[in-house]
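What follows is a short report on a single structure.
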Amino acid sequence: MSASVSSTATGRKPRLLVLLGPTAVGKTALSLLLARQFNCEIISGDSMQVYRGMDIGTAKVLPEEQQRIPHHMIDIRNPDEPFSAADFQSMAKACIQDIHERGKLPFVVGGTGLYIESLCFDYQFSEGASDEAFREEQRLFALEHGPEALLDKLRAVDPITASRLHVNDQRRIVRALEVYHLSGISMSEHQHRQKKDSPYEYCMVGLTMDRDLLYKRIEARVDIMLQDGLVEEVQGLLDQGYSRDLVSMQGLGYKEIAAALTGEMPMDTAVSLLKQGTRRFAKRQLSWFRHMKEIEWVDVTEHANLLAHLNTISGIITRKFPNDESNRG
């Protein structure tokens, strides 16, 4: 019997492995090697990979790699279907239970801090409280004054949450303003007050690297996405009738390329904005992760030395999950 099954059967918390870090840091390559070594199934912790037909711009694991290592929480929504952190938490918890019941170790890999933190620490979401009139007021304000002005409103009452959100993520900006409007307490303070007791025995590893190198890797990744057909992917989504106003279509890569395809700007300008936006996104990811004291960080600046990084992470996992040899493939 594997350790993951026995831990549940004996009343111990189920084990959960987590690998996180900013975009382009190298999570995918290491996750596939670790999954084979520790007999894992991977749960995507990325808020954009849930959408079908959005493959290149979200850097999804290739289908052949998904066949070798089972992946979950990928391609579960159409681009025009809503998906929230609460949805992710509920579905990912079910995945974890199912993976354990089959004697494997669940392995969350991704870069969406709220999704991962809400899962690991069982955040309680208050989805019911809402004020539709207030939401509409904020949408009209953004139309009149621009998205930056709307984000400035959030900065005034909740600078921490504002620093983590993209200026074009109007839905989450409005929601954060709504939380403060309804409760008088900022969303970041709500999250800070959440109990840090986890339903899991977790091992959380974070990847980091020299900032200049990370930015070069981001720019190279964007170039590869373009070579792999990102423009054609976005055009296909537009041809299917998916609106540029959808939350999914506001994602990095989709928003910029769609603007070029519809004549708002030259393609080279869109690519430049995409690279700049992705660098800023990575900075926001790192800002989020830095407040998560549970992470054990591994510097992968020497990214060519994959084996050394693999050995370092393996050592962290075996220390956190002792006597777990039966989980190894």
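Any read-out appearing in this document is the output of simple, stated calculations on the displayed coordinates, not a laboratory observation. Computed from a prediction, not measured in an experiment: that's the story for all the values here. Quick reminder, even Gly has a Cβ in these numbers, built from the backbone with ideal geometry, and neighbours come from all protein chains shown.
Our helix-only sum for the chain, with -39,500 (n - 2.57) per DSSP H run of n ≥ 4 divided by its residues, gives a mean residue ellipticity at 222 nm of -16500 deg cm²/dmol.
In vacuum, with every alpha carbon of segment 95-140 counted as one equal point scatterer, what does the Debye formula give for log10 I(q)/I(0) at q = 0.14, 0.27, 0.32 Å⁻¹? Two decimals, please. Treating every Cα as an identical point scatterer, log10 I(q)/I(0) equals -0.59, -0.98, -1.06.
What is the helix-to-structure angle for 306-320, meaning the angle in degrees between its Cα long axis and the longest Cα principal axis of the chain, kept from 0 to 90 and rounded to the nearest 10? That works out to roughly 70 degrees.
Shape summary of segment 174-326, radius of gyration then Dmax from alpha carbon positions: 20.3, 59 Å. Residue ranges 112-120, 51-59 sort as 112-120, 51-59 when ordered by packing (mean number of other C-beta atoms within 10 Å per residue, highest first).
Across segment 150-213, Cα-Cα pairs more than 17 Å apart make up 54 percent of the total.
Remark: segment 256-328 carries a charge dipole of roughly 280 debye about the Cα centre, counting +1 on each Lys and Arg Cβ and -1 on each Asp and Glu Cβ.
Across all directions, the average flat footprint of the convex hull enclosing the Cα atoms of segment 211-294 is 6.5 nm². With the highest mean first, a sort of the peptides 75-83, 280-288 on other beta-carbon atoms found within 10 angstrom per residue produces 280-288, 75-83. Counted by Cβ distance under 15 Å from A133, the other residues give a net charge of -2, where Lys and Arg count +1 and Asp and Glu count -1.
Compute the acute angle (0 to 90°) between the alpha-carbon long axis of helix 27-37 and the principal axis of greatest extent of the alpha-carbon atoms of the chain; round to the nearest 10°. Helix 27-37 and the main axis of the chain meet at about 20 degrees. The number of Lys pairs in segment 241-329 with C-alpha atoms less than 21 Å apart, excluding pairs fewer than 8 positions apart on the same chain, is 5.
Here segment 77-125 and segment 155-189 have alpha carbon centers that stand 22 Å from each other. Compared with the direct C-alpha span, the chain from S243 to K320 gains 23.2 nm at full extension, assuming 0.36 nm per residue. Based on every Cα atom in the chain, Rg and the maximum pairwise Cα distance Dmax equal 20.1, 62 Å. Packing order of peptides 267-273, 304-310, highest average first: 267-273, 304-310 (average count of other Cβ atoms within 10 Å over each peptide's residues). Residues with beta-carbon under 11 Å from that of Q170, excluding Q170: net charge, scoring Lys, Arg +1 and Asp, Glu -1? That sum, taken over residues with Cβ under 11 Å, equals +3. For K93, the aspartates and glutamates whose Cα comes closer than 16 Å to its Cα, not counting residues fewer than 8 places off in the same chain, are E41, D46, E101, E117, D122, D197, E201.
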